[in-house]
1. Take residue 393 and decide whether it is touching a residue at least 40 places away in the same chain (Cβ under 8 Å) and closer than 30 Å to residue 180 by Cα.
2. Among the candidates 258, 282, single out the residue that is assigned by TED's automatic domain parsing to the domain that holds residue 180 and within 11 Å of the ligand (Cβ to nearest atom).
3. So which of 302, 316 is in contact with a Leu (Cβ under 9 Å, 6 or more places away or on another chain) and acidic (Asp, Glu)?
4. Would you tally the residues in the range 461-518 being of a type outside the set (Ser, Thr, Tyr), under 20 Å from residue 449 (Cβ atoms) and in a loop (DSSP other than H, G, I, E, B)?
5. In the range 1-13, how many are near the ligand (Cβ under 9 Å from one of its atoms), more than 12 Å from the chain's Cα centre (by Cα) and not hydroxyl-bearing (Ser, Thr, Tyr)?
6. Failed condition for residue 321, given (1) more than 14 Å from the ligand (Cβ to nearest atom); (2) in the same structural domain as residue 452 (by TED's automatic domain parsing); (3) not charged (D, E, K, R), with all others met?
7. Any chance the range 242-249 includes a residue that's buried (at least 19 other Cβ atoms within 10 Å of the Cβ), within 13 Å of the ligand (Cβ to nearest atom), of a type in the set (Asp, Glu) and assigned by TED's automatic domain parsing to the domain that holds residue 198?
Amino acid sequence: MPKYYLTTPLYYVNAAPHIGHTYTTMAAETIARFQRMQGFDAVMFTGTDEHGQKVERAAEAMGKSPQEFADAISAEFRNQWEKLNIRVDRTIRTTDPRHHRVVRWLFQRCLDNGFIYKGSYTGQYCVYDELYVNEAKPGDPCPECGRTTETVTEENYFFKLSAFTERLLELYETQPDFILPETRRNEVLSFVRQGLNDLSISRTTLKWGIPLPVEGHHVFYVWFDALIGYMSAVDGEDLWPADLHLIGKEIVRFHAIFWPAFLMAAELPLPKRIFAHGWLLFENDKMSKSRGNIVRAEPIREVMGADALRYFLLREIVFGQDGAFSYDALVNRYNSDLANGLGNLASRTLTMIGQYRGGAIPEGGETEIAALANDTIRTVRGAFGRFEFSKGLEAVWALISAVDKFIVQMAPWKVWRQRDDASQRQLDVTLYTAAEALRIATALLAPVLPQSAPKIWAQLGMTEPIEAVRFDTLAWGGLPPGQKVGEVSGVFPRIELKEAVAKMRAMEEQVTAGQAALLGKKTEPAPAPADGGIGIEDFSKVELRVAQVKTAERVKGADKLMHMKVDIGEAEPRSIVAGIAEAYTPEQLVNRKVVIVANLQPRKLRGIESNGMIVAASVEGGKPVLAGFHEDIPVGARLK
Ligand code: ME8
């Protein structure tokens, strides 16, 4: 059997997983299940990236050693996957000695081939992204995250990335689907076309890493270390190269440029494809640990089931693009598609077969539905093969609703009372058609509903395990007449929207507290110091940043309100509404540098989103006066 080795990123263990991580991992495992249906021996990998400054600092903040911290969080990740029915076939923790050996081995090969040299570097470094920002000056923000870079001087080992510019361009040319989707490929192309700088791959400023097999105290740059995890997880097996690296769009550069270059330097085979999906947004922003606007899988699993989450993520969001998560949308999708759609078709079909045919599948089949079902098999196969999950799922639901309509048209509950042969034959045809369409839909949905599809399958009386279904043999007519259906029970009960959302929100708070406790963080507010002031940890929760006003206009019908777009070094300017319209004109504001609280929960004022608060002083009865600076300061710089 041909193999198909696919991977998720190795997640950082600086914080517990959230549904951004679940999204990638569920999508990857769906692909694994789909590839098995295509006849591949699919091997699914996920792992944890445990070294580097980010993890070291997170551990320190919790008063733990990096190893203790990494142990706790990586266990959290593994635990999650198990609870969410995500089957992991291979994994690696980058703290595993097995991984260390492979990293040193690969480094040695690059060294022996002349692609590594010793040099010195002084420049700006972003701790958050673990990235050197070559073009930045001291105090400049990181172009990736807007956080202030730090100046570092180090003697380092460098990887001759510059030597691979041409070979990489050739790779993208000759293998146009090496990076997908197209937008991401274009980004990489234009970046590499500008020419590549050599890359520092060792650090002397931190301890928490894999030591280099050289003199002195160097540890590997965390990306040189982590990327190799894809190989060390399958060391000694015949699985490399990977068929697919599935990642989020923010780490394309590392995967599509650094990684193939490392492998070329070591004369090793390259992965076949990199697919970068979009971001899961929550409350209009990228869900991220540092922003604190996260949703975890645990409460969703408890209230709705893991399948509901997987279905929602793959159906609602066009894979490759950004998409919003909301609890309301999740429950609504569940009710309309799973409870009313698939669940209802299953229970009404199986109940009728029980009632009208003593639980035995009759003989028959309606040709139009049969043709549609066969088409649906092809559509799903094609769409999932191109990672177009929402399209594939849409096609399955088109089949489900066609069958629903067909049942209503045929009105089996009326026909049943007519005892003539023609009517009874028609009833057979109706019931077989519904049951066979249900069987096909269920088989197609197995990769997305790994917990529920087998239940419907068993209720149809199927004895062959659903995991054994293959596209090559899946076709209309496979349901054997005479087969006894199993016991019928509802798989997707309807869920009450408000109640479910309230429950999930409440549980989310509990889980957050629980996880914080697990990591040793105090969850109760730190006691106020004796003089009644707050501790530094309270102050550091407030993210104050330098912002530059780009546009400003008065909010119609509200004398005090000004609507502004401000730049804080993020990809998009932020929308902020502030009560300063009586003190400033729009012209006075544009281009002015101000201070904003950047991590307040967004809210709407007069229907306009306000994502941040401008800092201003005011005296009783007086007009607000904006805080500002005498010296110049880059946009995005943090006030601490
Ligand atoms: O980047 N939307 O680890 P990480 C969608 N250790 N996907 C999201 C997401 C969101 N809001 N948030 C996280 C690292 N993800 C490195 C990787 S690989 C050799 C090293 C998913 O913990 C998405 O897959 O920051 C993203 O690329 C990944 O988690 C980042 O995880």
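The values are calculated or read from the model by the stated rules, or taken from the named source; none is laboratory data. Predicted, not measured: the structure shown is a model, and the values here were computed from it. We place every Cβ from the backbone using ideal geometry, glycine too, and count neighbours over all the protein chains shown. Ligands, DNA and RNA are stripped out before the accessible areas are found, and what is left, the full protein with its side chains, is counted by its heavy atoms. Shrake-Rupley method; radii C 1.70, N 1.55, O 1.52, S 1.80 Å.
1. yes
2. Exactly one of 258, 282 is assigned by TED's automatic domain parsing to the domain that holds residue 180 and within 11 Å of the ligand (Cβ to nearest atom), namely 258.
3. Selected residue: 316, the only one of 302, 316 that is in contact with a Leu (Cβ under 9 Å, 6 or more places away or on another chain) and acidic (Asp, Glu).
4. Of the residues in that region, 20 qualify.
5. 2
6. Unmet for residue 321, out of (1) more than 14 Å from the ligand (Cβ to nearest atom); (2) in the same structural domain as residue 452 (by TED's automatic domain parsing); (3) not charged (D, E, K, R): (1).
7. No - not one qualifying residue is present in the range 242-249.
Residue-wise test of (1) open to solvent by 10 Å² or more (accessible area, probe 1.4 Å); (2) over 15 Å from residue 180 (Cβ atoms).
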site: 232; (1), (2): no, yes
site: 236; (1), (2): yes, yes
site: 255; (1), (2): no, no
site: 258; (1), (2): yes, yes
site: 273; (1), (2): yes, no
